[in-house]
Amino acid sequence: MNGIQERAEEQDLPYNVFAKACPSRGTLEHVTGRWGGLTLGALYEGSMRFNELRRRVDGVSEKMLSQTLHALERDGLVHRDAQPTNPPRVDYELTPLGREVAERLLALIHCVEGRMDEVLTAREEYDARQSS
């Protein structure tokens, strides 16, 4: 057993993301997938309408953003506020749980951004070794 699994068992957690059937695995996928992480990070800045969010998360398609928002809303991380106006107005914002998760993701995002010079150097060295 590895250290992470042992710590989870020591804490007697009811969920174990390393178990195939555990529902936490699906939520982890929603949060750490490319569009989920970027969507949560963008919404950490504040409430946004769909098209604002789509512009902020550069490269996401309308379909993927819609699917991502539905999954995050279902997991209780995002709140969708549909206002009965003409035209309809829909705003998305993080729930308290979503805010906590986004804070942790942003720490990881900032770590990666801050160490990209090292990553790019490592890639160059790896590629040079592979081509020789």
Candidates for semi-axes √(5λ) of the Cα gyration tensor in Å are [x] 19, 17, 14; [y] 31, 24, 13; [z] 25, 15, 13, and the calculated one carries label [y]
Which angle between 0 and 90 degrees, to the nearest 10, do you get for helix 62-74 versus the longest principal axis of the chain when only C-alpha atoms count?
90 degrees
Output the 0 to 90 degree angle, nearest 10, between the alpha-carbon long axis of helix 34-43 and the longest principal axis computed from the alpha carbons of the chain.
50 degrees
Among Leu108, Leu69, Leu40, whose mean-square fluctuation peaks in a Gaussian network model of the chain (Cα, cutoff 10 Å)?
Leu108
Could you work out how far the C-alpha centroid of segment 27-69 sits from that of segment 73-132, in angstrom?
8 Å
Let me see the pair-distance distribution of segment 51-101: every alpha carbon pair, 5 Å bin width, integer percents in order.
5, 19, 24, 27, 20, 5, 1
What is the gain in length, in nm to one decimal, between Tyr126 and Leu97 on full extension, counting 0.36 nm per residue of separation less the C-alpha to C-alpha distance?
6.5 nm
Using only alpha carbon pairs under 8 Å that are at least six residues apart, calculate the relative contact order of segment 71-132 and give it in whole percent.
22 percent
Quick one: which residues, 5+ away or cross-chain, put their amide H under 5 Å from the amide H of His79? H built at 1.01 Å from N.
Glu93, Leu94, Thr95
Could you give the accessible area per residue of the chain, probe 1.4 Å, as a whole number in Å²?
72 Å²
Using the basic label-point model (7 angstrom from Cα toward the beta carbon), what is the Ser61 to Glu113 distance in nanometres?
2.7 nm
To the nearest 10 degrees, how steep is helix 116-131 against the longest Cα principal axis of the chain, on a 0 to 90 scale?
50 degrees
Given an 8 Å cut-off on Cα distances and at least 6 residues of separation, report the relative contact order of segment 10-132 as a percent.
22 percent
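The values are calculated or read from the model by the stated rules, or taken from the named source; none is laboratory data. Since we're looking at a predicted model, the values are computed, not measured. Here the Cβ is made from the backbone with ideal geometry for all residues, glycine too, and neighbour counts use every protein chain on show. Side chains included, ligands, DNA and RNA excluded: accessible areas come from the protein's heavy atoms. Shrake-Rupley method; radii C 1.70, N 1.55, O 1.52, S 1.80 Å.
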